[in-house]
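The values are calculated or read from the model by the stated rules, or taken from the named source; none is laboratory data. Fair warning: this is a prediction, and the values are worked out from it, not measured in the lab. Note that we place each Cβ from the backbone using ideal geometry, even for glycine, and neighbour counts take in every protein chain shown.
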Amino acid sequence: MGKYFGTDGFRGKAGEVLTAEHAFKTGRYLGYYFGKNHSGEGRARIVIGKDTRRSSYMFEHALAAGITASGADAYMIHVTTTPCISYITNDEKFDCGVMISASHNPYFDNGIKLLNAEGEKMDDALQDAIEDYIDGKIPEIPYATGDAVGKVEDFYFGRNRYIGYLTNLAEKSLENCKVGIDCANGSTWMIGRAVFDALGAKPKVINNNPNGLNINFNAGSTHIEGLQQFVKENMLDVGFAFDGDGDRCLAVDENGDVVNGDKIMYICGKYMKEKGTLKDDTIVTTIMSNFGLYKALDNNEIRYEKTKVGDRYVYECMKEKGFSLGGEQSGHIIFRDHAHTGDGMVTAIMLMNVMIKTQLPLSILAKGCDMYPQVLKNVVVDDKEATLEDPKVKEACDDCTARLGNNGRVLLRASGTEPVLRVMAEAGSNAEAEENVDRIIGAMAASGHLIEVRK
């Protein structure tokens, strides 16, 4: 990944790591690049959406100023979700889509996510060029003048198009379904209610009063305890929790128990296999999916692939091999027949389809996929690669793997940005998982690589 753009865009503390100037220059380069490479009639067209953070308004205007200053047109959907921008970019044949959001991060962070004309995450090459422009490594871009200056269009209509698309994904009416929604005071605060109202569910909604400073604050998929209590108190059939930009979804069953991304993939994958819509009977996961998911998939003769952590890698694998379902435990679920990115609303509707068609409660549908206790510790080391290749560390990992056999696993993963190794074990009990993690960390200490175990 580059200096500014990581696996999920340019993200950091607003006004410090990510500034209005960064946004302006990003817009300048996008307008210039797509102006040169625009194949249709008229000027290049770029659509912009944002979440509810106070700083999103600042970045929205800075991006639009940069885009129009380079001679392209900026279309503003305003507050919406990342998957909405993905859908509209592709459906309305925009040259590029931009989403202003730091996803599940606190309000003081923000980010810029770029999507290509298909609504997929932008190629690294273009993002690298934007970084070079920001750092002054390429010549200054000429400003548009006269009638070549771009225009700004209000494109609120795009959000309504996306809502209409979502409602058409439901296989039956949700009338008489008691549904709870936690909008995280973020991008789904209007879309969530609108979709479930249109489907007849009359949802009960919490955390749908954004004030610019409360996005993700004790709310949404990263703080699901509130929704668990809300579902139980109101005797609801199901609850859905979204993150700040609406590309994640976790569920809560009628008993108030969390149904995470792994269980959602199990439920939907099993249903899709029975319908014949699960391509090659395969689900794409990341290496961090729980061992319990793999056991459940094996028991149902569903194959799986494992990628690096990140929905970007999940989607790349799905696209390359034509798979239809993939995702992460965190709730980034991709139904590739319906979306080119993780989409929390699509995930919720797909799960409701299974519940309605089978006439089974979510707790019953999730049976057969039992999560193994997991222990994860972050370890600071002197050299990540040397530690991973150390014979004592390898021997400890092999020993733990042999001890766990078919009842668990261990995993070492290097941080992409810090001198940190993530040591994870899953086993039949929390104590057993911790024992295996500590055994591996002990080998790191014995080999002289360990600096500290973070709390």
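Below, the figures for the structure above:
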quantity: Residues of segment 299-319 classified as in a strand (DSSP E or B) and of a type in the set (Val, Ile, Thr), total; calculated: 1
quantity: Helices (runs of 4 or more DSSP H) contained in segment 179-295 and holding at least 2 residues touching a residue at least 40 places away in the same chain (Cβ under 8 Å) and more than 30 Å from Ser56 (Cα to Cα); calculated: 261-275
quantity: Condition check for Glu140: modelled with pLDDT under 95 and surrounded by fewer than 18 Cβ atoms within 10 Å (Cβ to Cβ); calculated: yes
quantity: Flag for Ala72 being farther than 16 Å from Gly146 by Cα and in contact with a helix residue (DSSP H, G or I) (Cβ under 8 Å, 6 or more places away or on another chain); calculated: no
quantity: Residue match in segment 63-86 (condition: part of a helix (DSSP H, G or I), over 27 Å from Cys183 (Cα atoms) and without any contact (Cβ under 8 Å) to a residue 24 or more places away in the chain); calculated: no
quantity: Extreme residue, nearest to Thr277 (Cα to Cα), among residues of segment 323-369 that are surrounded by 23 or more Cβ atoms within 10 Å (Cβ to Cβ) and among the β-branched types (Val, Ile, Thr); calculated: Ile334
quantity: Scan of segment 320-337 for residues that are assigned to a loop (DSSP other than H, G, I, E, B) and touching a Ser or Thr at 6+ places or on another chain (Cβ under 9 Å), ordered by number; calculated: Phe323, Ser324, Glu328, Gln329, Ser330, Gly331, His332, Arg336, Asp337
quantity: Tally of residues being out of contact with any Asp or Glu (no Cβ under 7 Å at 6 or more places or on another chain), among the hydrophobic types (A, V, I, L, M, F, W, C) and surrounded by fewer than 21 Cβ atoms within 10 Å (Cβ to Cβ) across segment 425-452; calculated: 5
quantity: Near pairs, Cβ below 6 angstrom, 6+ apart or cross-chain, from segment 114-142 (at positive phi) to any residue that is of a type in the set (Ser, Thr, Tyr) and buried (at least 18 other Cβ atoms within 10 Å of the Cβ); calculated: Gly119/Ser86; Gly119/Thr89
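Yes/no matrix, rows are residues, columns are (1) free of Cβ contacts under 8 Å to residues at least 40 places away in the same chain; (2) assigned to a helix (DSSP H, G or I); (3) not acidic (Asp, Glu):
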position: Tyr29; (1), (2), (3): no, yes, yes
position: Glu41; (1), (2), (3): yes, no, no
position: Ile48; (1), (2), (3): no, no, yes
position: Thr52; (1), (2), (3): no, no, yes
position: Ser56; (1), (2), (3): no, yes, yes
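Residue-wise test of (1) buried (at least 23 other Cβ atoms within 10 Å of the Cβ); (2) touching a strand residue (DSSP E or B) at 6+ places or on another chain (Cβ under 7 Å).
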{"residue": "Gly6", "(1), (2)": "no, no"}
{"residue": "Glu16", "(1), (2)": "no, no"}
{"residue": "Arg28", "(1), (2)": "yes, no"}
{"residue": "Arg54", "(1), (2)": "no, no"}
{"residue": "Ala62", "(1), (2)": "no, no"}
{"residue": "Thr68", "(1), (2)": "no, yes"}
{"residue": "Ile85", "(1), (2)": "yes, yes"}
{"residue": "Pro106", "(1), (2)": "no, no"}
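Condition check ((1) small (Gly, Ala, Ser); (2) more than 15 Å from Phe291 (Cβ to Cβ); (3) outside any strand (DSSP E or B)) across all residues:
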| site | (1), (2), (3) |
| --- | --- |
| Thr387 | no, yes, yes |
| Glu395 | no, yes, yes |
| Ala402 | yes, yes, yes |
| Val410 | no, no, no |
| Gly416 | yes, yes, yes |
| Ala433 | yes, no, yes |
| Val437 | no, no, yes |
| Met444 | no, yes, yes |
| Glu452 | no, yes, no |
